[in-house]
Structure formats: structure tokens, C-alpha cells
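Here's the structure we're looking at; comments come further down.
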Amino acid sequence: MILDELVLENVGTFRGKHKITLTPPSNGKPIVLIGGLNGAGKTTILEAVHLALYGPLAQLSGRRTGSYESYLRRLIHHGVSPKEGAAVQLSFHARQQGIERHFRVRRRWMGGGASVCEILLVNVDGKHDEALTATWNEHVETFLPRGIAGLFFFDGEQIEALADLDRSRQVMGSALAALLGLDLVDRLSTDLAVLRRRHRANELPDTLRQAIEERQQTATLVRQAEEAAVAVVATARVESERADKRLHAVTERYRAAGGDLLDQREAAETRVAMSRRQLAEVEDDLRREVAEESPLLLVQSLLGEVARQARAEANASRDQAVADVLADRDRKVLDRLRGLDLVPDVFAAVERFMAEDLARRQESSNAEIIAGLADPSVAEGLVANVLPTTRRRLSSLVDRRSAVRADLEQAERTLVAIPDPESLAPLREELDDASGHAVRALAGLVQADDRLAALRQERGKADAAYEAALDKATNLSLAADDDRRVVDHVDKVRATLDALKVTATQRHVERIGALILESLERLMRKDRLITGVKIDPETFAVELSGPNGRVLQPKELSAGERQLLAVAMLWGLARAAGQPLPMIIDTPLGRLDGTHREHLLDRYFPHASHQVVLLSTDTEIDLDSLAHIRRYVGRAYQLNFDPQTNATAVLPGYFWE
């Protein structure tokens, strides 16, 4: 089945006639991307497809309250006269018995007067089919059974419901019942119970009939109260969801206006004060350092020359002393050698050597006295050791001062960027109000759920009392064998149906669990985090197994991982349906982090079906996300809402295109 075209005429925020082509241009580009800001009409597109296919039987979200007529009346664009009305038209093609057929379903309604008039037209291969129009509610089940439509046409709220494993039981039970056809078994069992009661009640004596009627009346009153409580719960759930959406929207506005930075003001002020204190400490250290040997670094080269001059003067003084001693010694040695009978050449050589050595020492001792330092090691130690150490300390302090000053400048810029608390006071007040409203709405929902649970228990007791009265009356009054046989056979058939239901569920939950696990492994980023998925055939509770067969609790999974698990459930159930059907996903990414978003973008959307229609905001599928799936996008549209005209226009191309 392929959706070809959706036409909206005066529906919701769409004023006038708008056509959206949905046929993928090729098998390699299955995605049709429709972008729009909140309130632009994305959910209206999803509901329009449901409405075109199923009409009053459409399983719409909590936005549909009250009767079908009041829902259609609210769908008419506010700027259009109810007498002009609105219309939705869906064109698709599918193969039936090996032949490709093209269908066009059009629903038009007008709200003039006290009631709403709806007109349904069904065309097959370009021709109006009167018989198919009359039986369309039954015929549409051959394309996309209404019970499994929620597996292919769903929104982010459905993903969030499945992400809560405690709340997912009801969704999983409904999906499995529709998928396996167990809803028919339940209806048959209910019809048999009615038949059984009728045969048992018809034979009651007058004395017992009154007691049974009283218990039946009690059971009826409790059932009516339960139905009213169901409506209250639905209203409370809608109110809670609206409050959550409002809280989310106000929170995003508060963050966009700098609310997150305002919450960090105290930390920013502390950081500025700390940086200023550190800068003062470093500058004090610099002053102390400059007050000691550091100024000598300016004349370090001169001090080196002083040290060398002092060393030369010390050497000259030493050579002068040595020369005086050697002169006296040389005279004595020569006088001694003259008294000996030496060869004249030897004596002359010794005398020449001593004269040259003495002359050399006297020449080196003639250095000019400039420094006049008695000990040159003081100057040498200052140049060789003290000043290099001082330079390193001073350089370290200067570098640290630069780093602290840079930190201080950054902290001061951050503090300046933080908005004034008074400018955000209205938004903060609105945020507090939205938060309080959300808490109160949630409390009302919990209270309504508790009331509904209590009424269901009370109804169970009333039904049990009614059944007990019928059993007692039956044992006393059923004299006719035919009635007994009917009751007996009904009991046997109902027991058989119950066993069939359990057996059928047990046969398929293992395969469905394997499909969910296979889908989950393709989505999860942690390998072997979840190694098994089991579905209880009676309670429909989902049990996850980790490595070594250990049972995983829901709290061990992050919020993103639970949402991926919900997507895997929908994907696995859709694959279990075994039918090539298109998928429409509204608000697909929710609050997933970047890595989980990439897994959906890379591993789910391009492969979920042969046709995938994504309804997204610019913050869900942003510019980076668009780059991931661009090669799979066959068509793209943008819903542009104009506040001046209070209407949405369908433009070609996604955001940034």
C-alpha cells in the first residue's frame, strides 16, 4: 500500500485547498519529510489520514473529545463559515489479488444548523463506486485493519506511553489483541455471556427474578459510573498532556530568554570574585618578588662583566704575589747554580726559562683594578644561580597573572551576558504557574485513575454478585433440558475461547519478542545491554533481560534508551503484522539525546517501511539531523503558519531549503 496524495480543505489551520504529494519518487528515497513549528498543523495531517480512512471509527489521540459530529465541527477552520464546511481526501494505491488498484477516499462535512452532515465518496481507478462507498468501513480493513493502524500511524505521545513499561501493558495488550485477532474472541465471549444470561434469566421464578433484577440494576449503575469515570480520566489525561505541553513550551521560552544563565548567576558572581582574589594574590607575589633581586635582571649582562672583571683582578693579585715570591727564589737558585760546575748552555737555558716565566706572571698581574671586589664568587654566584632562579619565579608569576586575568575577563563577560532577573520575572512567574498547573493536572489524573480503579473493583463485585444470583437461580429454576444444554455449551465454549486466547498469545509472543529484540539491537548504542525481551501472555508486561540472563529494571535504562525500546516495540509489532504498509510518525524524536537521535535517523527511519512520512519541528530534525537522512528523503514540505491570516500554507522544501 502506498499513500499518493493528501488534500486538506479548510481543515484545522489549513484554510483553502492544499495538496500534499506523498508518493516516494524511488525505492531508495522512502522518506517524505514534513516540517512545521508547533501549532502549524502537523498533527492535523496525521489525524486527516486517520479520518479519511476510518471516519467515525478512527482511533484518534486525546484531541478528539465528545461526539464525532462535535469533533468534525471543531475541525472546520475558524475563518470559514460552517456552511462552507471542510474536506479531506486521501489517494493511495494497493495490490488486490495481484492487480494494482488506485483508490481515492473523500470525506466532506458541513456544520450548518444543529447537526453536521458528512458525505463520503470512494473512487476506484478513477470511477465512483457506490457499493464500495456503502461498505467502506468493512472494506478498509482489507488494506489496513483499524486495530493495527496505531502501529503504523502514531505520534511521540504513543512512544512516551510505551517508554513507561508500567503503562505499556495496556498499549501492548491492545496491539497484540488487534494483531492476533483476539478482539474478535473477546467480543464472541461477551456475546456468549449475554446469551447465557438470557437463557438463565428467562427461566427464573418471579420470587427470584426480582432479586436478580435488583442486582442487575446495581451492576448497571456501577457500570454507568465506571463509564463516566472513564470519560473523566480521558478529560484529565488530556488536561495533563496540555499542561505538560504548555510547561515544556514555557520552559523552552525561559531557556531561550536566558533563564538557564540566570540560574547560574550566583556561580558566575562567585567565579568573578574568586578570580579577582587570585589576581590580587598573584600581583602581591609579583610586588614582593620585584622588591628583592628581580630588578638586577635588568643589568644581568653588566653583572656578568663585573663577575668576570672581579675574577681577573683576583687572578692578577694572585699572580703578583706569586711573582714576588718567584723572583726571590729565582735569584737564590741562580746564585746556587753559579757555584756549581755547569755547562754554560744549561745555565743560560735555566736562566732564560725563569726570566720568561717571571715576565709572563708579571704581565698578567698588571690588570687594571676596577671592581675592587675581595671575593669574586659573590658576583659569580649572583649571576650563575640567584638571577636565573629569580627569572624563572618571575616568569611563572607573570604567566599565572595572565592566565588569571584571562579567566577574570571570561567570567566578567559571562556575568555581563546574564540577563537581569527583573526582565525575566514575567517569564519566571509564567513558568511557575505552568509548573503548578502541570502538578495539579497530574494530581487530578491520578485521582481520576484511582476513582476508576475503585469503580472497576466495585463493578467486579457487583457482576460477581449478579452472576452468583444467576447461578443460584439457575440451579433452582432451570428445568428445561434445552436451556441447561445451552448454558452448559456456552460455558464450554467460553472456556475453550479462553484457552484459545491464552494459547494463541503464547504461540506468538515469543516470535514478537524476538522481533522486538532484533529491532532493539539495531537501535541501541550499547551492545549487549539487552539480550532478551519477554512478553507475559496474560498481563502483557514486558520483561527485559541483560547479560547473563539478569532481569533489567526500567530504572536501569536511561530515558533515551526507554524511548528507543518503545520505538523497537512499535517496529517489532509492525513487522509482526507481515503487511507492507506505510508509516506516519508525528513528533518522531521527542527528547532524545544526540546519539539516540542518530540511531533513529540512521537505522530506523530509512528502513521502517517502504514509505515513511515524518512530521517534525525544526528542533527535532534540525540541520545536522537532516544531513543524516537527506539521501533517503524523496519529498520535503514545510508548514508555514501565518498569524495574520491564522492559516497554514504548504511550501515545498524543508527548513533551510
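The values are calculated or read from the model by the stated rules, or taken from the named source; none is laboratory data. Worth saying up front: this structure is predicted, and the values here are computed from it rather than measured. Glycine also receives a Cβ, built like all others from the backbone with ideal geometry; neighbour counts cover every protein chain displayed.
Go through Arg311, Arg287 for me and flag whichever is in contact (Cβ under 8 Å) with a residue 60 or more places away in the chain and more than 25 Å from Arg352 (Cβ to Cβ).
Working: Arg287 fails: in contact (Cβ under 8 Å) with a residue 60 or more places away in the chain.
That would be Arg311, the only listed residue that is in contact (Cβ under 8 Å) with a residue 60 or more places away in the chain and more than 25 Å from Arg352 (Cβ to Cβ).
How many residues are in a strand (DSSP E or B) and within 17 Å of Tyr654 (Cα to Cα) if we restrict to segment 1-57?
Qualifying residue count for the region: 11.
Please work out if Gln611 is among the polar types (S, T, N, Q) and at pLDDT 80 or above.
yes
Would you be able to tell me the number of residues in segment 113-152 that are farther than 15 Å from His102 by Cα and among the aromatic types (Phe, Trp, Tyr)?
Matching residues across segment 113-152 total 1.
From the list Ala559, Ala574, which residue is over 21 Å from Leu515 (Cβ atoms) and either at pLDDT 80 or above or of a type in the set (Gly, Ala, Ser) (or both)?
Being over 21 Å from Leu515 (Cβ atoms) and either at pLDDT 80 or above or of a type in the set (Gly, Ala, Ser) (or both) holds for just one of Ala559, Ala574, which is Ala559.
Could you identify the single residue in Asp433, Asp488 that is part of a helix (DSSP H, G or I) and modelled with pLDDT under 70?
None of the other options fit; the residue is Asp488.
Restricting attention to segment 631-643, and to residues there that are at pLDDT 90 or above and outside any strand (DSSP E or B), which single residue is nearest to Lys29 (Cα to Cα)?
The residue in question is Tyr632.
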